[in-house]
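Notes follow once the structure below has been shown.
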Amino acid sequence: MRNKFLSLIVGFIALIGLTACGSSQTSENNSGESDKLVVYSPNSEGLINAIIPAFEEKYGIKVELIQAGTGELFKKLESEASQPVADIIFGGSYTQYEQHPELFEEYVSPENENVVEAYQNTTGYSTPYALDGSVLIVNKDLTKGMDIKGYKDLLNPELKGKIATADPSNSSSAFAQLTNMLQANGGYDNDEAWQYVEDLFTLIDGKINSSSSAVYKAVADGEMAVGLSYEDPTVKLLNDGANIEVIYPEEGSVFLPASTAIIKNAPNKSNAEKFIDFVISKEAQDTLGTETTNRPVRKNVAVSDNMKPLEDIKTLVEDYDYVIEHQEDIVNHYNQIFVDLQSK
């Protein structure tokens, strides 16, 4: 009898244990998320430091950050598609996202309506969070007496050999300048626009810089008078006291978005949604505008003194679909002009 009673007690304890384990397992499945988020990003340390720690503090979520080049990260996403490691990719241009929609979850943040209309999430999966525009960087000492307001003012014989640019064939910022000047002068396939490109590169006189960073450094260091550059590093130079001026071409500047998206079948999807919401929140966008040189996408946010308000800049909108489809044609057209000029 005593043995039978002990067996009942042991069985009852075991049943309680199983019930407790089952309850614990159900709770974990119901939550479906941990307190972490895995982020792939090509972004600079400045941008990362402005966003990631603030997100972690706000939500109590620990971010595991893996940094590499944009191309490398997108290849990684493709190789991991059947068993994703990351939850978020944070950074990269519109071209990468529009060419790989199968890699991402559909998600449009409730904050999307507060973004400048031209840069809202219209794909259903990629969310722009910062903008970078094509600008002209001008060395004040080397351009005294010149009135440079836009592209047309670069066709000044006095500037021959003094205009810095990278190669549109292998520099994303130089290619963005090429499509910007084509848009500003009539369109991507407009003969007059391409004539402008030929006239400008005649003055550039074969002096192609090795990288986009070499362009703005050459102007800031007084080696070149004008550079075809982009807003982020040129505004940083202003903040650091360089004797330069940042010109937004009066014909119009194209601002291209950097985006973020949730990885398809992300292990921590709800945390990833929180990240998307946070990146375009007023809190995060104000930080970008005042503590970094990355231009926010949200309406009515603060920017630093050296960053001209977007509403005060004439802007042009890139025809993303056209440029993606015809990128090779545009580059080939430019290359032919360059080769022809070099052979003269």
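The values are calculated or read from the model by the stated rules, or taken from the named source; none is laboratory data. Quick caveat, the model's predicted, so the values are computed rather than measured. Glycine gets a Cβ as well: all are built from the backbone with ideal geometry, and neighbour counts include every protein chain shown. What goes into the accessible areas is simple: the full protein's heavy atoms, side chains included, and nothing from ligands, DNA or RNA. Shrake-Rupley method; radii C 1.70, N 1.55, O 1.52, S 1.80 Å.
Quick notes on this one:
- Where the alpha-carbon atoms of segment 57-120 are placed on the principal axes, they occupy 34, 33, 21 Å, in descending order.
- The alpha-carbon of Lys62 sits under 20 angstrom from the alpha-carbons of these aspartates and glutamates, leaving out residues fewer than 8 places away in its chain: Glu28, Glu33, Asp35, Glu45, Asp87, Glu273, Asp277, Glu283.
- For segment 188-338: rounded, prolate or oblate by the Cα gyration tensor [a/c cutoff 1.5]: oblate
- Among Ser210, Ser82, Ser41, the residue with the largest mean-square fluctuation in a Gaussian network model of the chain, with springs joining Cα atoms closer than 10 Å, is Ser82.
- Label-point separation in nm, Asp321 to Asp205, each point 7 Å along Cα→Cβ: 4.4
- Distant alpha-carbon pairs in the chain (separation over 35 angstrom), percent: 33
- Furthest towards positive pole of dipole, Gly161, Leu178, Ser93, structure part segment 76-185, Cβ charges: Gly161
- Glu192-Val108 pseudo-label distance in nm [points 7 Å out on the Cα-to-Cβ vector]: 3.8
- Across Glu102, Glu45, Glu231, mean-square fluctuation computed from a Gaussian network of the chain (C-alpha pairs under 10 Å connected) peaks at Glu45.
- Where only DSSP H runs of four or more residues are counted, the chain gives -14000 deg cm²/dmol as its mean residue ellipticity at 222 nm, each run worth -39500 (n - 2.57).
- Dipole moment magnitude, nearest 20 debye, the chain about Cα centre, only Lys, Arg, Asp, Glu C-beta charged: 1400
- You can think of it this way: the chain between Ser169 and Ser213 has 14.3 nm of extra reach, that is 0.36 nm per residue less the Cα-Cα gap.
- Charge tally for Lys299 (other residues, Cβ to Cβ under 13 Å; Lys, Arg +1; Asp, Glu -1): -2.
- Figure note: Met146, Met307 ranked by solvent-accessible area, largest first, 1.4 Å probe, ligands and nucleic acids not counted: Met146, Met307.
- 3J(HN,Hα) from dihedral phi, segment 152-163, Karplus parametrisation 6.51/-1.76/1.60, rounded to Hz, x for glycine, proline: 4, 6, 7, 7, 10, x, 5, 8, 4, x, 10, 9
- Pairs exceeding a 20 Å alpha-carbon distance, out of Lys160/Lys207; Lys36/Lys264; Lys149/Lys344: Lys149/Lys344.
- Segment 164-208 shape via C-alpha gyration tensor axes, a/c threshold 1.5: oblate
- Here, segment 277-316 yields an orientationally averaged convex hull projection of 3.0 nm² when only Cα atoms define the hull.
- Using the Cβ-Cβ distance between Ser270 and Ile66 with R0 = 22 Å, the FRET efficiency computed as 1/(1 + (r/R0)^6) comes to roughly 0.60.
- Under 14 Å from Lys152, Cα to Cα: aspartates and glutamates that are on another chain or at least 8 residues apart: Glu192, Glu198, Asp199, Glu250, Glu251
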